[in-house]
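Notes follow once the structure below has been shown.
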Amino acid sequence: MNGLRSVRPSGFVAFGAVCSLAVLVLLPLAVAGALLAAGVLVPGAAMVLAARRGTAAGPRGRALLLGGGLLLIGVTGVAYAVITLAEPEVSVDGVPVAARLSLVVLVLAILVMLPGLLRPHQHRDPLGRLRVCLDTVGVSACLILGPWALIFSDGYLRGASAIATVVGATATALAAVAGVHSIRHRAALRWAGPGVALTLTCLTALVIAADNPANPNSALATVAAGAAVNAAAWVMWWGTVKVDPDAGPPVPAGGEPAAGFPLFALPVLGSSVAVAARLLHGGGLDATSIALAAIALMAVASREFVAAIVLRRHADLLAHHGNRLRSLMFGSSDVAMVLDTGLAVCWQSPAAARHFGLSDQDVLGRPITSLVHRDQAGELEEFLTERLNQDRFDLADARSVSARFRDGFGRWRETEWTAGGADPSMPGRSLVLHIRDITDQRELEEALQQASHLDPLTGLANPRGLRRAGPQASDGGALIMLELSGLTAIADVHGAERSDTVLVEAARRVRTRIGPTDVAARVGDARLAVMTRNGAVRAHLLANQLVTVLTAPYELDGASAHLLVWAGLSDVCPQTDTDEVLRRAALALRMARSQPPGGVEWYDEAIEEQLVRRSALEQDLPTAIDRNEIELLFQPVFELSGRQPVGVEAVLSWRHPTVGRLSAGELLALAEDLGMLGDLRRWALQRTCRQVAAWRAQYLPLWFSINVRPGELGEEVFHSGLDEVLAAHRIPRSALVVEVSEDDLHQSPESGERLAEHLRRLRTSDVRTAVGHFGAGPTSLSRLRVLPVDLLKVDRTVFSRQDPAPSAVGAIMDVAVTLGRRLGMDVIADGLTTDDDLETVYATGCRFGQGDLLARPMPAEHVEALIEHSREGEHPFTL
C-alpha cells in the first residue's frame, strides 16, 4: 500500500494508456469503450481516499460525492462491457439492457455529483442570478438541439435516448454554469464544473449508443465517450484534491465571473453544425427543433442584454470612481509627479502650483534632483533610480525618504517623498512620485519634543528631559535632589498663584547657582534636581549652597515666605541609568528628612537596607498580632532595701521571622506611623490588666507601668480606653503608671504646656505618671519641674562606672535622687546590669531599681515564679 502511495498520477495515466491500447486492439469497439469508461475507477478511488484521509485541498464532502459518482460510472462501464459481450441482444420492453442500465446510472450520477458542485451557496445579486438562469436555459437548449436535429427529427424517437438527451443536457448545463459562474471556491469549481459537465455528456452518449446498437456509429461513440470520461475524471480529481478552492484573487462585488469565458461557444457551434448537416442532407427541422433553436437564441439575446446592463453599471461605477479620484487629486495637499527614465518631471498635479507655487514652466523637463538640497540630491537620486528599475512594485514594500525641497518662492520646505510605481500609460518607462509637505509637522514635532522634556511652569527639565541628559561624563558626577517644604502652606495662606511664583523663583535661584554644563530639573511637585559633573566634595558643597539659597526669604507683595529645604545626593556613573540614580537620591533625601531642616545626606547601601527593613516591617505589622508574633513581656521593679518586687513594666516585643526581634520603642514608633498604635495599645492593655489583676488577687498588690507615645496622651480614645479596661478588671487607677520616654519628650511635636496638661489630667484621675530614661537626653531640670510626674526612672548612663572617676558618677546619681525627692517623685534606677551599678545606686539612697541584673523582661509565668521565690524568702536577684 505504501508503494502505491509513492506512485505519481502520471504513472497511473501512462499505465492506463497502455491498457487502453491493448483493449482497443483485442476487444470489439463497444466493449472496449465500456472498459475505457471503467478507467474512472482509479481517479474516483483516489478522490474517495483523499476525502477519508482529509488530504483533499477542498471540502471533503465534494471530493466524496464526485469520487463516488466516478466509482458508480466505473462499475457501470464494467457491467456494460460484460452485458455487451454476454447478451448483446437482450432488451426489456424493447430497450437494450445496456441502455437502460446506462440511463439509470446517468440519473444516479446527476443526483450524486450535482450537490457537490452546488455547494457552497453562491451569493449573487438579482442580475447575477438572472444571468445564471439564462445561461443554463441557453446551454441546455443548444445541447438538446444537436442530437434532436440529427437523430430525432425523422420520428426515430426512442425513449431511453430522448430521456438521456433531455436530462443529460440539462444536468450538463447546470454543471458547466456552476463551474464557470462560481464566486466562492472559484479556483476549484473552474476545474470540477467542466469536468462534471463532460462526464455527464459522455454518459449521455453511452446511453444513446447503447440504445441504438444497429447504428454503425454507436461503437465509435462508445469509444470516444469512454476515453473522454477518463480525461474528465482526472480534471475533476485535480480540481477537487489538488487545487485550493479559494486560490487566486476574489471576484469583485458586482463583477461578472464568466465575462471572459466562451460559455456559449461550443454549445452554439455544435448545435449549428448539427442543424447545418441536417439541412445539407435534405432533411428538415421539426417543430421541436425550431422551438429549441428559438429558446437558445432568446436565451443568448437576453443574456447579452443583461450583460450590457451590467457593463453599463460598471462603466458608471468606474466613471464615479474616476471623478472621485480626480477630485481627490485636485484637492489633495500631496503633490503627484511623473518622472521619466532620466528622473525628469514630465507631469505634475495641480497641487504643485497651489501648495508649492511651482508652475509647469518651472518644473517640466527638469531633473527632480535639481529642486532638492544638494546635500540630499545623491541619496534621493539613488532612491528614485532603485524604484524606477524595480520590475514589480509592492505597496507593502513602499518606503519614504525625507528631503528639503525648494518651492516656487525660494523657500526650503521639509517634504516626504514616496514612489508609487509606474504610470499605467508608460509602464517600465516612468515613475509616479508623491511629495508631501511636512514642514508644519516637523515644526510641531520639534515643539512637542521640546515641551515633552521641559516643565511648563519652571522651564526646567522634567524627568524625561533629565533621563535624556543621562550621565554626562565618563568620569561620573552627582545628582542632587532638593525637597521644598512649605509650598502648600503658602498656597493656603496666599493662594496657589503665589505658591507657583515661589516655585518659579526657587527654580531661578537654582539656575543661577549651577554651572553651564549642569542640568536642573523638576522631578516632583515640590522637588528639584541638579545633575552635575562635579565630584563628591564639590557636589556636596553645591548642595549646601543650594539649600542655603533656597531657604532665603521670598518676597510676596510686602510679605515674606520661607521654605524648608533638604537635599539628597547620589553618585552618577555611566553604568547606572538615570532612573536608578533618581531612586537612590530619593532614598538619601528620605534619610535627610529625618534630620532638622537644611540636612544633606549621601546615598549609601546602608540607607537602602534600613529602608528595605522598614518596608518589610510596615508590610507585616498589620497581621503580626494574628500570627502571634507580638509578645507581651514583664520586667519587675524591685524595692532595693527589701529585695521585693513592687511593680512590673509591660514590655511589647515583636519576633519578626526575617528581621529579628524589635524593641518596644521601635515597635510603638512604627505602629504610630502606620496609624495602628490604638489597636496595638488596646490589645496590650487588655492582656496586661488581665494578668496584673490575677497577680494582685493571688500574690501582691503590684503596680504596673506602660510606655506611651506623647501623641496618645492628647487622644480621648486613649483615656476612655484606660477607664474601660481598668474598670473591667477592677484594678485601682493608682496601680497604673503611664510612662513617657525622655527622648519622646524632646522630639514630641506637643508643646511643654500641652504635655504637662495631659499628664496633669492623668494624675487628677489617680493614674500615676513617669518619665523614663532620664539623663540620656537633653531634658532640662527646669522642664522636669513643670511636668506633673510621680516616678523618675534614671537611665544607667547617669550611674554606670564607665567614667574613670567613680566619685563623679555617684555625685550625679546623688543629685538625681535628691532632686526627685524634693519634687515629690519616687526615683527608680533603670538599667542595672552589674554589681557596681547596684552598689552605686544603693549608696545614693535610691529606693527602687530595675534592670537585667535584677530580672530581664520575661513571660508572665516566670514573673509568677519570681514572686513565689520572693515570698519564700529566697534572694530574688539570683534569678
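The values are calculated or read from the model by the stated rules, or taken from the named source; none is laboratory data. As the structure is a computational prediction, the values presented were derived from the model and not from experiment. Neighbour counts are summed over all protein chains in view; Cβ atoms, including those assigned to glycine, are modelled from backbone coordinates with ideal geometry.
Would a scan of segment 793-809 turn up a residue that is within 18 Å of SER741 (Cβ to Cβ), modelled with pLDDT of 90 or more and assigned to a loop (DSSP other than H, G, I, E, B)? The answer is no; no qualifying residue exists. Taking (1) under 21 Å from TRP703 (Cα atoms); (2) touching a helix residue (DSSP H, G or I) at 6+ places or on another chain (Cβ under 8 Å); (3) buried (at least 16 other Cβ atoms within 10 Å of the Cβ); (4) at pLDDT 85 or above in turn, SER870 satisfies each apart from (4).
The condition of being under 21 Å from GLY465 (Cβ atoms), surrounded by fewer than 19 Cβ atoms within 10 Å (Cβ to Cβ) and without any contact (Cβ under 8 Å) to a residue 60 or more places away in the chain holds for only one of GLU580, GLU605, that being GLU580. Under the condition of being surrounded by fewer than 11 Cβ atoms within 10 Å (Cβ to Cβ) and either at pLDDT 75 or above or part of a loop (DSSP other than H, G, I, E, B) (or both), the residues counted in segment 441-462 number 1. Of all residues in segment 703-712, exactly one satisfies the criterion of being at pLDDT 90 or above and more than 16 Å from LEU652 (Cα to Cα), namely TRP703. Here LEU550 passes the criteria (1) modelled with pLDDT under 90; (2) farther than 20 Å from LEU466 by Cα except the one numbered (1). Of all residues in segment 129-144, how many are surrounded by fewer than 19 Cβ atoms within 10 Å (Cβ to Cβ) and free of Cβ contacts under 8 Å to residues at least 40 places away in the same chain? Number satisfying all stated conditions: 2.
Inspection of segment 96-111 finds a residue satisfying the criterion of being within 57 Å of the chain's Cα centre (by Cα) and exposed (fewer than 15 other Cβ atoms within 10 Å of the Cβ).
Name the residues in segment 649-667 that are in a strand (DSSP E or B) and farther than 17 Å from VAL612 by Cα, would you? Walk me through how you get there before you give the answer.
First pass over segment 649-667, keeping only residues in a strand (DSSP E or B): 649-656, 660-662.
GLU649, ALA650, VAL651, LEU652, SER653, TRP654, ARG655, listed by residue number.
Does VAL75 fit the bill of being aliphatic (A, V, I, L, M) and surrounded by fewer than 19 Cβ atoms within 10 Å (Cβ to Cβ)? Lay out the reasoning, then the answer.
Working: aliphatic (A, V, I, L, M): yes; surrounded by fewer than 19 Cβ atoms within 10 Å (Cβ to Cβ): yes.
Yes, satisfied.
Evaluated against (1) farther than 29 Å from ALA50 by Cβ; (2) within 55 Å of the chain's Cα centre (by Cα), THR165 falls short on exactly one condition, (2).
Run down ALA293, ALA299, ALA336, ALA351 and say which single residue is touching a helix residue (DSSP H, G or I) at 6+ places or on another chain (Cβ under 8 Å), at pLDDT below 80, buried (at least 17 other Cβ atoms within 10 Å of the Cβ) and assigned by TED's automatic domain parsing to the domain that holds GLY408.
Working: ALA293 fails: assigned by TED's automatic domain parsing to the domain that holds GLY408; ALA299 fails: assigned by TED's automatic domain parsing to the domain that holds GLY408; ALA336 fails: at pLDDT below 80.
Of ALA293, ALA299, ALA336, ALA351, the one residue that is touching a helix residue (DSSP H, G or I) at 6+ places or on another chain (Cβ under 8 Å), at pLDDT below 80, buried (at least 17 other Cβ atoms within 10 Å of the Cβ) and assigned by TED's automatic domain parsing to the domain that holds GLY408 is ALA351.
Among the residues of segment 506-523, those that are under 43 Å from the mean Cα position of the chain (by Cα), touching a residue at least 40 places away in the same chain (Cβ under 8 Å) and either under 17 Å from TRP566 (Cα atoms) or not in a strand (DSSP E or B) (or both) comprise ALA506, ALA507, VAL510, ARG511, THR517, ALA520, ALA521, ARG522, VAL523.
Residues in segment 539-560: is at least one in contact with a strand residue (DSSP E or B) (Cβ under 9 Å, 6 or more places away or on another chain) and more than 22 Å from ARG508 (Cβ to Cβ)? Within segment 539-560, one or more residues are in contact with a strand residue (DSSP E or B) (Cβ under 9 Å, 6 or more places away or on another chain) and more than 22 Å from ARG508 (Cβ to Cβ). Considering segment 664-698, the residues that are acidic (Asp, Glu) and under 22 Å from VAL725 (Cβ atoms) include one that is surrounded by the fewest Cβ atoms within 10 Å (Cβ to Cβ), namely ASP679. For ARG522, the conditions (1) surrounded by 12 or more Cβ atoms within 10 Å (Cβ to Cβ); (2) farther than 30 Å from SER452 by Cβ are fulfilled apart from (2).
Per-residue answers, yes or no, for (1) surrounded by 15 or more Cβ atoms within 10 Å (Cβ to Cβ); (2) among the polar types (S, T, N, Q); (3) not assigned by TED's automatic domain parsing to the domain that holds TRP695:
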{"residue": "VAL572", "(1), (2), (3)": "yes, no, yes"}
{"residue": "GLN575", "(1), (2), (3)": "no, yes, yes"}
{"residue": "ALA592", "(1), (2), (3)": "yes, no, yes"}
{"residue": "PRO597", "(1), (2), (3)": "yes, no, yes"}
{"residue": "GLN610", "(1), (2), (3)": "no, yes, yes"}
{"residue": "GLY647", "(1), (2), (3)": "yes, no, no"}
{"residue": "LEU662", "(1), (2), (3)": "yes, no, no"}
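Of all residue pairs spaced 6 or more apart or on separate chains, those with beta-carbon atoms under 7 Å, a first member in segment 351-364 that is farther than 18 Å from TRP412 by Cβ and a second member that is assigned to a helix (DSSP H, G or I) are SER359/ALA353.
Residues in segment 406-436 that are modelled with pLDDT of 75 or more and within 15 Å of GLN348 (Cα to Cα): 12 in all. Strands (runs of 3 or more DSSP E) fully within segment 677-777 that include at least 2 residues being over 60 Å from the mean Cα position of the chain (by Cα) and aliphatic (A, V, I, L, M): 736-741, 768-774.
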